[in-house]
1. With a point put 7 Å past each Cα toward its Cβ, work out how far E76 is from Q150 in nm, to one decimal.
2. With +1 on the Cβ of every Lys and Arg and -1 on the Cβ of every Asp and Glu, and nothing else charged, how large is the dipole of region 46-122 about its Cα centre, in debye rounded to the nearest 20?
3. If r is the Cβ-Cβ distance from T46 to N95 and R0 is 25 Å, what FRET efficiency results, to the nearest 0.05?
4. Excluding ligands, DNA and RNA, what is the solvent-accessible area per residue of region 38-123 at a probe of 1.4 Å, expressed in Å²?
5. Label-point separation (nm) for Q53 and H112, each offset 7 Å from Cα along Cα-to-Cβ?
6. Provide F80, F38, F32 ordered by accessible surface of protein heavy atoms (probe 1.4 Å), highest first.
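The values are calculated or read from the model by the stated rules, or taken from the named source; none is laboratory data. Quick caveat: nothing in here was measured; it's all calculated off a predicted structure. Positions of Cβ are generated from backbone atoms using ideal geometry, with glycine treated the same way; all protein chains shown enter the neighbour counts. For accessibility, only protein heavy atoms count, side chains too; no ligands or nucleic acids. Shrake-Rupley method; radii C 1.70, N 1.55, O 1.52, S 1.80 Å.
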Amino acid sequence: MASNPGLNEEAAGNPSSPTSVYKDPDDGRQRFLLELEFVQCLANPTYIHYLAQNRYLEDEAFIGYLKYLQYWQRPEYIKFIMYPHCLFFLELLQNSNFRNAMAHPGNKELAHRQQFYFWKNYRNNRLKHILPRPLPEPAALPPPVSAPPQAPVPAPAPAMAASPAGTPALSPMQYGIPPGSGLPKNDMKSAGIDRRKRKHERSMG
């Protein structure tokens, strides 16, 4: 644990009379803890308002004590601080205008709101400076205009093959026997004449 600076300053001021130097029975441990507790109470604006209302902030001895407590800002002591806002208010309390203003309830509420907004937005504000910013997105192109649907074109009907000019169309009965065929025709009249002629010749003989 770091030594108490108050004891070191008293020893430095009276090097020839060591018997006049106050020595804590527990080597300054209790004093260290009490001062650490008090300085961290200054993180509460309501507690500062209480000190101002009871005129502690008008007492010259108390103002000197607040100046003495600034040693908590040193690196070897600041590591024990759990509420860093106390050091911010400790620095403001060195100003007489701030000490007088904190006696008014409205200023106490203002400090309390600002402290709340700091806690609320501190992380997001820090991330804005730490994280890389995304590249701007390209402008969106308008969607293409689709052409109106066209009416379907009817397919042309198959054309009939025209017969050559001057050639008569064949009747369905003529497809059975092609024209100019050598097959004998079935002539009923000629067959009857031939039968009578053979019969007459048999009777004569």
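1. With each label placed 7 Å out from Cα toward Cβ, I get 9.2 nm.
2. Working: 8 positive and 6 negative charges, 49 e Å.
That gives region 46-122 a dipole magnitude of about 240 debye.
3. Details: r = 19 Å, r/R0 = 0.77.
Step by step, r from the Cβ atoms, then E = 0.85.
4. Details: 5400 Å² over 86 residues.
Dividing the accessible area of region 38-123 by its residue count gives 63 Å².
5. 1.0 nm
6. F80, F38, F32
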